[in-house]
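Step one of this worksheet: look at the structure below.
The values are calculated or read from the model by the stated rules, or taken from the named source; none is laboratory data. This structure is a prediction, so every number in the text was calculated from the model and none was measured. For neighbour counting, all protein chains shown are included, and Cβ atoms are generated from backbone atoms with ideal geometry for every residue, glycine included.
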Amino acid sequence: MQRIVILNPKGGSGKTTISTNLASYFATQGDRPVLIDNDPQGSSSRWLKKRKPHQAFIHGIAAFERNSSMTRAWQMRIPLEAVHVIVDTPAAIPPQQMPEITRDADAIIVPVLPSDIDIHAFSKCIADLLLIAKVRRDENRIGVVANRVRRSTIVYQSLMRFLDTLRIPVITTLRDSQNYVRAAELGVGLYEMKNHLVLQDLEDWKPLLKWLNAKAPTWRPIVNENPENAA
Ligand SMILES: Nc1ncnc2c1ncn2[C@@H]1O[C@H](COP(=O)(O)OP(=O)(O)OP(=O)(O)O)[C@@H](O)[C@H]1O
Ligand SMILES: [Mg+2]
C-alpha cells in the first residue's frame, strides 16, 4: 500500500484539488483507491458524493466525522486490498500534529501557490516537516507542487528561485486552469474529462505520477483511521 499525504496548513493551496485528481487518476487505472478526508470542511467527501455510480470507484473515508458506533469504526477501515491511500488534510493544522499525520506517509505532497503570503507560510510548513515531524530530506518523501502557476509572472520566478534554495524537490508545476474548477464541480478528475480539453493539464501531472510510481509501496497491517472510534 502506498500512503500519499497532501499537506500544507495554508488554506486554498490546492490540497483537495490534488487529492481528488489523484484519487480519480488511480480509480481510472482500476485500482479502487482510498480517499481519506481529514478536513472538517469535508471538501473531498463532498466531491466524492457528486460521483455517479457508473464512475470509477473510489473508497471514501470521512475521518473528520466523530461517531462512536461500531458501524462507524467499520467505515473507517482501509480495505485490505487498497493499493493507494490518499489523505487530504485541513488548513491550519498545528505543527504538533505533523508527526502523526506524516508518520506512515510514503509521499508527502506540499502544494504551494506563487504569492508572497503563500511562500511565507510554505517555508514555515517545510521547516515544521523537517524539524518537528522529523522527515529527513534524504528519505525523499517530501515533494513540492507549485500550483496555479502563470509562468510569465515575476512571483512565479521568485517562487522557483526560492524552491531551488530549499533542497526539496519540486515535482511539478500545475498551471492555473479552469479545468480544475470544473472537475471539482462535477465530481470528476482531469483523467475523466474530455481529453482534448485537458491535454495541457495532463502533461503537468505526468512528473507527479512518475514520482509516485517510482516509490515502492510499503506493506502495512490493516488500520483504523480514527482510533477514538474503535469499538
Ligand atoms: N491549478 C488550479 N487552477 C485553477 N484553480 C485551482 C487550481 N488549484 C486549485 N484551484 C481552485 O482553488 C480553490 C482552492 O483549492 P483547494 O480547495 O484544492 O485548496 P485546499 O488547499 O484544499 O484548501 P483548504 O485549505 O481550504 O482545504 C478551489 O476553488 C480550486 O478549484
Ligand atoms: Mg481542502
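Side notes on the structure shown:
- All positions within region 4-20 that are within 10 Å of the chain's Cα centre (by Cα) and either more than 9 Å from ligand 1 (Cβ to nearest atom) or in a loop (DSSP other than H, G, I, E, B) (or both): Ile4, Val5, Leu7, Asn8, Gly14
- Filter pass, Ala23 being part of a helix (DSSP H, G or I) and more than 16 Å from ligand 1 (Cβ to nearest atom): no
- Counted residues, region 48-57 - those being surrounded by fewer than 20 Cβ atoms within 10 Å (Cβ to Cβ) and more than 16 Å from ligand 1 (Cβ to nearest atom): 5
- Filter pass, Gly60 being at positive phi, more than 9 Å from ligand 1 (Cβ to nearest atom) and more than 12 Å from the chain's Cα centre (by Cα): no
- Of residues in region 28-47 being free of Cβ contacts under 8 Å to residues at least 40 places away in the same chain and within 13 Å of ligand 1 (Cβ to nearest atom), the one surrounded by the fewest Cβ atoms within 10 Å (Cβ to Cβ): Arg46
- Where Ser68 falls short, out of the listed (1) more than 13 Å from ligand 2 (Cβ to nearest atom); (2) touching a helix residue (DSSP H, G or I) at 6+ places or on another chain (Cβ under 8 Å); (3) at pLDDT 95 or above: (3)
- Restricting region 8-29 to residues that are aliphatic (A, V, I, L, M) and either out of contact with any strand residue (DSSP E or B) (no Cβ under 6 Å at 6 or more places or on another chain) or near ligand 2 (Cβ under 10 Å from one of its atoms) (or both), the residue that is farthest from Gly60 (Cα to Cα) is Ile18.
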